[in-house]
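A.B. asks: Here it is, the structure, as structure tokens.
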Amino acid sequence: MALALLKNGVWKRWDGWLDQVQHNIMAVEHCWSSAELADAGLAVIQPAIIPPGKVAVGEPSLVDDDGIPRESFELEDAPQPEPPTLAEYAARRRWQVEIGGTTWSGWPIHTDRGSQSKITSEAFAALAGLREEPAPWKFADGQFRPLSNADVIDMAQAARNHVVASFGIEAEILAGIAAGTITTTEQIDAAFAGF
């Protein structure tokens with residue numbers, strides 16, 4: 001918290017001097033009430049309001065905002081991020097497809113990273129004889145359905161196939177980018193259109 005002193009109608013950052021007495025700024029900031037601050041002509045400096053798409057430049061000045069000191073900056077347009085390279089765009093699209101889910105036996109399954117781990121763990125439990133069957137599995141539509149151990153292994157294979165296929169398409173796209181046959185994001189989107 002920083003304080004400002006209103007002097008001759010202008011807010012100035014307070015340096016600790018008040019009525020020719022040096023005060024401990026920290027003690028005043030933390031111990032004085034709002035009324036005591038106002039009686040001394042002091043007020044808490046409010047932070048600058050930086051609108052979206054702008055960045056502050058240089059050192060702040062103080063302005064009066066309806067009787068309250070507020071920091072103010074010169075503003076500039078925020079720099080625009082560089083558009084992603086085609087390879088970065090392809091990786092982002094592959095990730096969206098990878099975690100976007102798939103279906104198994106007509107039922108929707110999650111394929112986000114956490115779900116991939118859970119499905120793999122369940123398949124491992126089935127293979128290791130640690131899983132009782134049938135046991136319920138919650139699908140992406142929120143419904144529980146009983147699955148045998150063979151079902152769980154088959155579902156895990158479907159999830160894996162989905163993930164592997166998404167990486168395979170990304171690899172083909174990267175080869176196309178390197179060869180110069182893929183030159184737009186639209187071509188990348190079209191390559192993933194089947195998912």
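The values are calculated or read from the model by the stated rules, or taken from the named source; none is laboratory data. Computed from a prediction, not measured in an experiment: that's the story for all the values here. All Cβ positions, glycine included, derive from the backbone under ideal geometry; neighbour counts span all protein chains shown.
A.B. asks: Scan segment 5-21 for residues that are loosely packed, with under 10 Cβ neighbours inside 10 Å and modelled with pLDDT of 80 or more and jot them down.
C.D. replies: Scanning segment 5-21 gives Asn8, Gly9.
A.B. asks: Looking at Phe73 and the list (1) at pLDDT 95 or above; (2) under 30 Å from Lys54 (Cα atoms); (3) among the hydrophobic types (A, V, I, L, M, F, W, C), which single condition is not satisfied?
C.D. replies: (1)
A.B. asks: Scan segment 37-62 for residues that are assigned to a strand (DSSP E or B) and of a type in the set (Val, Ile, Thr) and jot them down.
C.D. replies: Val44, Val55, Val57
A.B. asks: Examine segment 68-78 for a residue that is more than 30 Å from Trp14 (Cβ to Cβ) and either without any contact (Cβ under 8 Å) to a residue 60 or more places away in the chain or outside any helix (DSSP H, G or I) (or both), and state whether such a residue exists.
C.D. replies: yes
A.B. asks: Specify the residue that is farthest from the chain's Cα centre (by Cα); the eligible residues are those in segment 10-36 that are assigned to a helix (DSSP H, G or I) and among the acidic types (Asp, Glu).
C.D. replies: Residue satisfying both the conditions and the ranking: Glu36.
A.B. asks: Keeping to segment 175-195, report how many residues are in a helix (DSSP H, G or I) and surrounded by 17 or more Cβ atoms within 10 Å (Cβ to Cβ).
C.D. replies: Result for segment 175-195: 4.
A.B. asks: Which condition breaks for Ser33 when tested against (1) in contact with a helix residue (DSSP H, G or I) (Cβ under 7 Å, 6 or more places away or on another chain); (2) without any contact (Cβ under 8 Å) to a residue 24 or more places away in the chain?
C.D. replies: (1)
A.B. asks: Here's something else I'd like to know. Out of segment 124-148, which residues are within 32 Å of the chain's Cα centre (by Cα) and either surrounded by 15 or more Cβ atoms within 10 Å (Cβ to Cβ) or assigned to a helix (DSSP H, G or I) (or both)?
C.D. replies: Trp137, Phe139, Ala140
A.B. asks: Considering only segment 80-88, I want to know if a residue exists there that is out of contact with any Asp or Glu (no Cβ under 6 Å at 6 or more places or on another chain), over 30 Å from Ala191 (Cα atoms) and not in a strand (DSSP E or B).
C.D. replies: no
A.B. asks: Of these, Pro51, Pro60, which one is surrounded by fewer than 11 Cβ atoms within 10 Å (Cβ to Cβ), outside the structural domain of Gly176 (by TED's automatic domain parsing) and within 34 Å of the chain's Cα centre (by Cα)?
C.D. replies: Of Pro51, Pro60, the one residue that is surrounded by fewer than 11 Cβ atoms within 10 Å (Cβ to Cβ), outside the structural domain of Gly176 (by TED's automatic domain parsing) and within 34 Å of the chain's Cα centre (by Cα) is Pro51.
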